[in-house]
């Protein structure tokens, strides 16, 4: 059982690596399209229980983030785009860390942005 799970994760990683190379090659399509495509291909890896959270963050930093930030040297970053980058980062981090448990009621809830920043010790994309 564990071996088949590991094989499926390895296949998923190979697919994500190939997709990241394709997304880098697609310079004509918009930034959001490239980022969403790469994120959706890596979704099952980011929510896998077999991978540690540190490894998931490394996958995000090495595979998804370069696709998102491709060509960022030429961007004139306005407040709206900075907000979009922050929203994208929070979406990925929520997928990695999963839901939080309320200490008082014991119910599952969505993790707040400040909790995500504490979990990662610092924001990855925007300061």
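Which of 92, 68, 104, 87 has the fewest other C-beta atoms within 10 Å, and how do the rest follow up to the most?
Neighbour counts put them in this order, fewest first: 104, 87, 68, 92.
Tell me the relative contact order for the range 31-121 as a rounded percent, counting alpha carbon contacts under 8 Å between residues six or more apart.
29
Coordinate-derived values only; no laboratory data. Everything numeric here is computed off the predicted structure, so don't read it as measured data. Glycine also receives a Cβ, built like all others from the backbone with ideal geometry; neighbour counts cover every protein chain displayed.
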